[in-house]
Amino acid sequence: MLKFTCPYCGIEASETELHAGGEAHLKRYGPGSADEEFEGYLFLRKNPKGVHLERWRHAMGCGKWFLAARHTSTLEVFGTYPAQTHEPPAEILEKIRAKYPEALK
Amino acid sequence: MRRYSAFAIAREALRHHTGWGRAWRSPEPKKQYDVVIVGAGGHGLATAYYLGKNHGITNVAIIEKGWLGGGNTGRNTTIIRSNYLQDASAAIYEKARGLYETMSQDLNYNVMFSPRGVMMLAQTEHEKRGYLRTAHANALQGVATEFITPERVKQIAPIINLDGPRYPVLGALWQPRGGTARHDAVAWGYARACSDMGMDIIQTCEVTAVTREGDRVTGVETTKGHIGCNKLGIVVAGHSGQLAEMAGFRLPIEAVALQAYVSEPIKPALDCVIMANTVHGYLSQSDKGEMVIGGGADNHNNFTQRGSFSHIEETTRALIETFPMLSRLKMLRQWGGIVDMTGDRSPILSKTPVDGVFINCGWGTGGFKAIPGSGWGFAELMAKGHSPLTAEFGLERFREGRFIDESVAAGVAH
Ligand SMILES: Cc1cc2nc3c(=O)[nH]c(=O)nc-3n(C[C@H](O)[C@H](O)[C@H](O)COP(=O)(O)OP(=O)(O)OC[C@H]3O[C@@H](n4cnc5c(N)ncnc54)[C@H](O)[C@@H]3O)c2cc1C
Ligand SMILES: [Zn+2]
């Protein structure tokens, strides 16, 4: 079973306690942006077969959104981190690169 | 190609079945083809078949990284129906359903199409109103469906419990000519017909890159070397994102796991397909007697052909309330497939930003039923640059906000 540690309340939660929210670190485009930018933000996704940075909500717990780095075909979780960030913390990146040097390029 | 017939069975019986030939050839790839199709699932094979049959294009290779039909085509629960809400969907799914009616004769291969009827239960007031609306839409589209009463539901499927405490059955959307078919046979039948037209089906050959000259496709790199082509059709379901990346564009698609499982075989107890979409479960009984059961898709990006335990539990819990007899059954096998989900739950059959590259994907949890219609339309699109069946399903619909919203009909796996 897929498990994540919620970075806010510290609880190790299994996937039934969580709600998956798709790709993380999307750049938002709003009114006034080009159609292509808006399309990219709303619909186009990396969808990698590999390391995925993604959003999860601790739905049945503290209710907050957090971010996670996970491999989509081995289901390894490299770590979780707060949503108010623009990239994963250095130690998670290191862990990923040690095992998958080509990931996140 | 030797035709299959009752006479052929008799002839072979007399010589101890030594005369059956291989159903398709396994050739080495040529250097160059007019058309290369990536992915020998139902949609890829059907595309190749109609390229040959309807458009006379037979210098075609179908490249498959595993074995043909080993992707979602060989993993699905084979529900065939066309009771969708939007006109564009009804057109392509009903075209497909119609082609299924005569597929065995057309391919000279028994695909065991069984129009046993598909019933979609309404278990909330909201769902009932939704299905009434769909029944009216279907009437206008020329798709034969009707909304039936709970009494009629019980008559058709006596094993059902109508007044489950939480989700009573309030009626159902009934499509009497929906049903099931043998999934492997659909892939095998098309493969045999394609091979017979001189097309090359190249298995255990993975496409690793798309080669271009400027904006135009020139071929693909594979584990068996470079294979050149004038036109490339990408038909790889869960791996569409990977192939699109090789070709140099992005897709509005996310891959998730969808699973199914079957029970031990029992005596005939159910002779139609029943879908319970509110509670996320559906079932039918195979000719072997197994209850074929499916449920909802995982909600996270996933490339493991497995699926999570929590969904088995959810589906089982849901179905036992409506079909109490299931609680006595042992389950035999469970498996998963990687399905390609779009935001509006409708497929993409489209040209792409790369000249000569076409893509057919996004069938998600429900593309088996569409295989012949999709192949028909996509072949026309690849051959002529336009097809009335696929016109609405272009990639540009996302940018233009012109969705084909089927999240009512297809919100659940099937
Ligand atoms: C559990 C489950 C139940 C389902 N139930 C139903 C149902 O009841 N009714 C219904 O209508 N639909 C159902 N579906 C959906 C249906 O199975 C799919 O929509 C349909 O089979 C897709 O067919 P396809 O030919 O596009 O893909 P696939 O059959 O998956 O074929 C794609 C092929 O591309 C190959 N490929 C991928 N990458 C490469 C590469 N790089 N190089 C070469 N080849 C490659 C794969 O190996 C694969 O064989 C279900 C799906 C699942 C998983
Ligand atoms: Zn929490």
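The values are calculated or read from the model by the stated rules, or taken from the named source; none is laboratory data. As the structure is a computational prediction, the values presented were derived from the model and not from experiment. Here the Cβ is made from the backbone with ideal geometry for all residues, glycine too, and neighbour counts use every protein chain on show. Only protein heavy atoms, including side chains, enter the accessible area calculation; ligands, DNA and RNA are left aside. Shrake-Rupley method; radii C 1.70, N 1.55, O 1.52, S 1.80 Å.
Could you tally the net charge around B:Tyr261, taking each other residue with its Cβ under 10 Å from the Cβ of B:Tyr261, Lys/Arg +1 and Asp/Glu -1?
Every neighbour counted, the sum reads 0.
Taking all protein chains in place and a 1.4 Å probe, what share, in percent, of the accessible surface of chain A do carbon and sulfur account for?
52
Is the C-alpha gyration tensor of the stretch B:1-118 telling us rounded, prolate or oblate? Criteria: a/c under 1.5 is rounded; beyond that, a/b larger than b/c is prolate, otherwise oblate.
Since a/c reaches 1.5 but b/c is at least a/b, the shape of the stretch B:1-118 is classed as oblate.
Would you please classify the overall shape of chain A from the alpha carbon gyration tensor, given that a ≥ b ≥ c denote the square roots of the eigenvalues, rounded means a/c under 1.5, and beyond that prolate means a/b larger than b/c while oblate covers the rest?
Oblate, since a/c reaches 1.5 and b/c is not below a/b.
Say R0 is 56 Å: what FRET efficiency, to the nearest 0.05, do A:Glu94 and B:Asn108 get from their beta-carbon distance?
0.40
Please report the spacing between the Cα centers of the stretch B:151-214 and the stretch B:1-40 in Å, no decimals.
If you average the Cα positions of each part, the centres end up 24 Å apart.
Leaving ligands, DNA and RNA out of it, work out the accessible area of B:Val236 with a 1.4 Å probe and give it in Å² to the nearest 10.
Counting only protein heavy atoms, B:Val236 exposes about 30 Å² to solvent.
Just add up the charged neighbours of B:Ile293: K/R +1, D/E -1, any other residue whose Cβ is under 13 Å from the Cβ of B:Ile293.
-1
With charges only on Cβ, +1 for K and R and -1 for D and E, what is the dipole size of the protein assembly as shown about its Cα centre, in debye, rounded to 20?
1120
For n ≥ 4 DSSP H runs only, could you compute -39500 (n - 2.57) per run for chain A, divide by its residues and tell me the 222 nm figure to the nearest 500? Can you show the working numbers first?
On the way: 2 runs with 18 residues, N = 105.
The per-residue figure over chain A is -5000 deg cm²/dmol.
Beta carbons within 10 angstrom, averaged per residue: use that to sort the peptides B:81-93, B:298-310, highest first.
Numbers: B:81-93: 23.2, B:298-310: 20.3.
Going from most to least packed, we get B:81-93, B:298-310.
Using θ = phi - 60° and the Karplus curve 6.51 cos²θ - 1.76 cosθ + 1.60, what whole-Hz ³J(HN,Hα) does each residue of the stretch B:144-151 get, with Gly and Pro shown as x?
3J(HN,Hα) across the stretch B:144-151, in whole Hz: 7, 9, 8, 8, 10, 7, x, 4.
What does the average come to when, for each residue of peptide A:68-75, you count the partner chain Cβ atoms lying within 10 Å of its Cβ?
Mean partner shielding for this stretch: 4.
Tell me, what is the 1.4 Å probe accessible area of A:His71, in Å² to the nearest 10?
10
For peptide A:47-53, compute the average count of partner chain beta-carbon atoms within 10 Å of each residue's beta-carbon.
Mean partner shielding for this stretch: 6.
Stretch B:His136-B:Asp271 to full length: gain in nm at 0.36 nm per residue minus the Cα-Cα span?
46.0 nm
Would you mind checking which residues have amide H under 5 Å from B:Thr222's amide H? H placed 1.01 Å from N; only 5 or more apart, or other chain.
Correct list: B:Thr208, B:Ile227.
Enumerate the amide H contacts of B:Gln86 below 5 Å, restricted to partners 5 or more residues apart or on another chain; note that Pro and chain-start residues carry no placed amide H.
none
Taking the Cβ-Cβ separation of A:Thr85 and B:Arg333 as r and a Förster radius of 45 Å, what is the calculated FRET efficiency to the nearest 0.05?
In this case the efficiency is close to 0.55.
For the stretch B:45-114, calculate the relative contact order in percent as a whole number, restricting contacts to Cα pairs under 8 Å that are 6 or more residues apart.
14
Sticking with the crude label model, points 7 Å out along Cα→Cβ, report the distance from B:Asn54 to B:Glu206 in nm, one decimal please.
The answer from the label model is 3.3 nm.
In whole percent, and with a 1.4 Å probe on the protein chains, what portion of the accessible area of chain B is carbon and sulfur?
53
What number, in percent, do you get for the relative contact order of the stretch A:3-99 if the mean sequence gap of Cα pairs under 8 Å and at least 6 apart is divided by its residue count?
That works out to 27 percent.
Mind listing the phi-derived Karplus ³J(HN,Hα) values for the stretch B:296-305, rounded to whole Hz, using 6.51, -1.76 and 1.60 with θ = phi - 60°, and x for any glycine or proline?
My calculation for the stretch B:296-305 gives x, 8, 4, 9, 10, 4, 7, 10, 8, 7 Hz in order.
Mind grabbing the interface size between B and A? I mean buried accessible area, both sides, 1.4 Å probe, in Å² to the nearest hundred.
2100
Return the single residue from B:Pro252, B:Pro29, B:Pro165 with maximal mean-square fluctuation; model: Gaussian network over chain B, springs between Cα atoms under 10 Å.
So, out of B:Pro252, B:Pro29, B:Pro165, the one fluctuating most is B:Pro165.
How large is the dipole of the stretch B:45-186 about the Cα centre if only Lys and Arg carry +1 and Asp and Glu carry -1, each at its Cβ, rounded to the nearest 20 debye?
120
Which whole-Hz couplings ³J(HN,Hα) result when phi for each residue of the stretch B:380-391 is put into the Karplus expression 6.51 cos²θ - 1.76 cosθ + 1.60, θ = phi - 60°, listed in order with x for Gly and Pro?
Working through the residues one at a time gives 5, 4, 5, 6, 10, x, 7, 8, x, 6, 9, 3 Hz.
Report the label-to-label distance for B:His126 and B:Arg152 in nanometres (one decimal), using points 7 Å from each Cα along the Cα→Cβ vector.
Inter-label distance under the simple model: 2.5 nm.
Give the residues of the stretch B:1-17 whose amide nitrogen is closer than 18 Å to a point set 7 Å from the Cα of B:Asp287 in the direction of its Cβ.
B:4-10
If I model a spin label as a point 7 Å beyond the Cα along the Cα-Cβ vector, how far apart are those points for B:Phe403 and B:Ala23 in nm?
Placing both labels 7 Å along Cα→Cβ, they lie 3.9 nm apart.
What net charge do the residues around B:Leu85 carry, taking every other residue with its C-beta under 14 Å from that of B:Leu85, with Lys and Arg at +1 and Asp and Glu at -1?
Cβ neighbours under 14 Å give a net charge of -3.
Just checking the output field for B:294-304: average partner chain Cβ neighbours within 10 Å of each residue's Cβ?
5
Using only DSSP helix segments of four residues or longer, with each worth -39500 (n - 2.57), what per-residue ellipticity at 222 nm results for chain B after dividing by its residue count and rounding to 500?
-9000 deg cm²/dmol
Ordering B:Tyr4, A:Tyr81, A:Tyr100 from largest to smallest accessible area (1.4 angstrom probe), what's the sequence?
Of B:Tyr4, A:Tyr81, A:Tyr100, the descending order of accessible area is B:Tyr4, A:Tyr100, A:Tyr81.
Would you mind working out the accessible area per residue for the stretch A:3-99, using a 1.4 Å probe, and quoting it in Å²?
Using a 1.4 Å probe on heavy atoms only, each residue of the stretch A:3-99 averages 54 Å².
Just to confirm my numbers, what's the Cα centroid distance between the stretch A:18-39 and the stretch B:76-105 in Å?
34
Keeping all protein chains in the complex and leaving out DNA, RNA and ligands, what accessible area do you get for B:Arg212 with a 1.4 Å probe, in Å² to the nearest 10?
Estimated to the nearest 10 Å², B:Arg212 gives 100 Å².
At 1.4 Å probe size, put B:Trp67, B:Trp335, B:Trp20 in order of accessible surface, largest to smallest.
Values: B:Trp67 160, B:Trp335 60, B:Trp20 95 Å².
Ranked from most to least accessible, the order is B:Trp67, B:Trp20, B:Trp335.
Using modelled amide H (1.01 Å from N, peptide plane; none on Pro or chain starts), what sits under 5 Å from the amide H of B:Tyr33, excluding residues fewer than 5 places away?
B:Gly228, B:Cys229, B:Asn230
Take peptides B:350-357, B:272-279, B:167-174 and line them up by average Cβ neighbours within 10 Å, highest first, as a rough protection proxy.
In decreasing order of mean packing, B:350-357, B:272-279, B:167-174 become B:272-279, B:167-174, B:350-357.
Could you work out the relative contact order of chain B? I mean the mean sequence separation of Cα pairs under 8 Å and 6+ apart, divided by the number of residues, in percent.
So the answer I get is 23 percent.
Do any of B:Lys65/B:Lys231; B:Lys31/B:Lys369; B:Lys128/B:Lys267 go past 26 Å between their Cα atoms, and which? Let's see the in-between values first.
Details: B:Lys65/B:Lys231 19 Å; B:Lys31/B:Lys369 34 Å; B:Lys128/B:Lys267 32 Å.
In this structure, B:Lys31/B:Lys369; B:Lys128/B:Lys267 lie more than 26 Å apart at Cα.
Please work out whether the stretch B:205-247 counts as rounded, prolate or oblate from its C-alpha gyration tensor, where a ≥ b ≥ c are the square roots of the eigenvalues and a/c under 1.5 means rounded, while otherwise a/b larger than b/c means prolate and anything else oblate? Walk me through the numbers on the way to the answer.
Numbers: a/c = 1.81, a/b = 1.22, b/c = 1.48.
In terms of gyration-tensor shape, oblate.
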